[in-house]
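The structure appears right after this line, and notes come after that.
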Amino acid sequence: MRADFGLEAGARVAVIGPSGAGKSTLMGAIAGFVPHAGRVTWQGRALAHDPGARPVSILFQDNNLFPHLTAFENVALGLKPSLRLSKEESLRVADALVRVGLAGLDNRRPAELSGGQQSRVALARTLIRARPLLLLDEPFAALGPALKADMLALVAEIATETGATMLMVSHDVADARAICGQTVLVADGVARPPKPTAALLDNPPPELRAYLG
């Protein structure tokens with residue numbers, strides 16, 4: 001697929017388009033997981049080849065939680081894979097869990113949490129990494145409408161507070177309308193430059209009209 005566009009710092013951008021069009025490929029290229037030609041830059045500099053060195057946090061649909069670790073430990077991985085935390089770092093993890101509404105659930109493992117609570121653990125781990133670029137690859141697609149709305153609102157609130165630049169893949173255009181001022185359409189192997197979300201969805205081009213039905 002091809003992409004050639006830039007984003008303003010702090011923008012909240014939806015990424016929509018047909019299945020298989022390349023939305024996740026775009027996210028993977030930005031995160032450093034997918035090899036690609038050309039360059040991905042941040043603040044005028046090409047991003048490092050090592051995904052871990054990129055200023056990126058990514059939240060996937062399956063949450064990527066480790067079943068044998070507690071909620072606290074899963075979040076702590078965002079700070080130190082060794083899980084050897086200082087007192088200050090432990091307080092940061094506890095604060096992150098409180099921030100996403102999981103106070104008192106520190107010692108529960110993923111199997112002991114609901115789907116929504118698991119999503120909150122994954123979001124807390126993303127939050128604690130404090131990276132300036134936040135990628136969301138349909139992390140709340142499996143949640144019910146009310147819970148998904150709550151999670152989207154929380155993500156938008158956190159992005160606003162931290163000033164993070166956010167890209168969010170979604171199959172639901174209502175998600176884009178809810179929290180994203182701009183939208184990137186991915187279709188026919190091309191990621192189009194971002195357009196204002198309301199204008200794009202209210203007057204969709206043929207490719208988007210075909211997708212929306």
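Per-residue ellipticity at 222 nm for the chain, helices alone: DSSP H runs ≥ 4 residues times -39500 (n - 2.57), over residue total, nearest 500 deg cm²/dmol?
Result for the chain: -11000 deg cm²/dmol, rounded to the nearest 500.
Would you please classify the overall shape of the range 51-152 from the alpha carbon gyration tensor, given that a ≥ b ≥ c denote the square roots of the eigenvalues, rounded means a/c under 1.5, and beyond that prolate means a/b larger than b/c while oblate covers the rest?
In terms of gyration-tensor shape, oblate.
Could you work out how far the C-alpha centroid of the range 1-47 sits from that of the range 97-153, in angstrom?
If we compute the Cα centre of each part, the gap is 23 Å.
Of all DSSP beta bridges in the chain, what percent run antiparallel (nearest 5)?
Working: 6 of 26 bridges.
Within the chain, antiparallel bridges account for around 25 percent of the total.
Take every Cα-Cα distance within the chain, group them into 5 Å bins from 0 onward, and report for each bin the whole-number percent of pairs it holds.
In order of increasing distance, the bins hold 1, 7, 15, 19, 19, 16, 11, 7, 3, 1, 0, 0 percent.
Loop by DSSP (not H, G, I, E, B), at most 13 other beta-carbon atoms within 10 Å: where is the longest site-free stretch of the chain for trypsin sites (Lys or Arg not before Pro)?
Counting only loop sites that pass the neighbour cut-off, the longest clear stretch is 85-213.
If you roll a 1.4 angstrom probe over the protein chains with everything in place, what fraction of the accessible area of the chain belongs to carbon and sulfur, to the nearest %?
52
List the lysines whose Cα lies under 24 Å from the Cα of residue 23, skipping any in the same chain that are fewer than 8 positions away.
148, 195
Just tell me the longest site-free run in the chain, where the sites are chymotrypsin sites (Phe, Trp or Tyr not before Pro) in a DSSP loop having at most 15 other beta-carbon atoms within 10 Å.
After excluding every exposed loop site, the longest remaining stretch is 34-213.
What does the C-alpha gyration tensor say about the overall shape of the range 1-42? Classify as rounded when a/c is under 1.5, otherwise prolate if a/b is larger than b/c, or oblate.
Oblate is the answer for the range 1-42, as a/c is 1.5 or above yet b/c matches or exceeds a/b.
Over the chain, with the other protein chains present, what is the accessible area per residue in square angstrom, probe 1.4 angstrom?
Accessible surface, normalised per residue, equals 51 Å².
What shape does the range 54-109 have by the C-alpha gyration tensor, where a ≥ b ≥ c are the square roots of the eigenvalues, rounded means a/c under 1.5, and otherwise prolate means a/b greater than b/c and oblate the rest?
Judged from the Cα gyration tensor, the range 54-109 comes out rounded (a/c under 1.5).
Please list, in order, the residues from the range 170-195 whose amide nitrogen is less than 19 Å from a point placed 7 Å along the Cα→Cβ vector of residue 209.
Only 173, 185-188, 192, 195 pass the distance filter.
The values are calculated or read from the model by the stated rules, or taken from the named source; none is laboratory data. What you see is a predicted model, and the numbers here were worked out from it, not measured in a lab. Ideal geometry is used to build each Cβ from the backbone, glycine not excepted, and the neighbour counts take in all protein chains shown. SASA here: full protein model, heavy atoms, side chains in, ligands and nucleic acids out. Shrake-Rupley method; radii C 1.70, N 1.55, O 1.52, S 1.80 Å.
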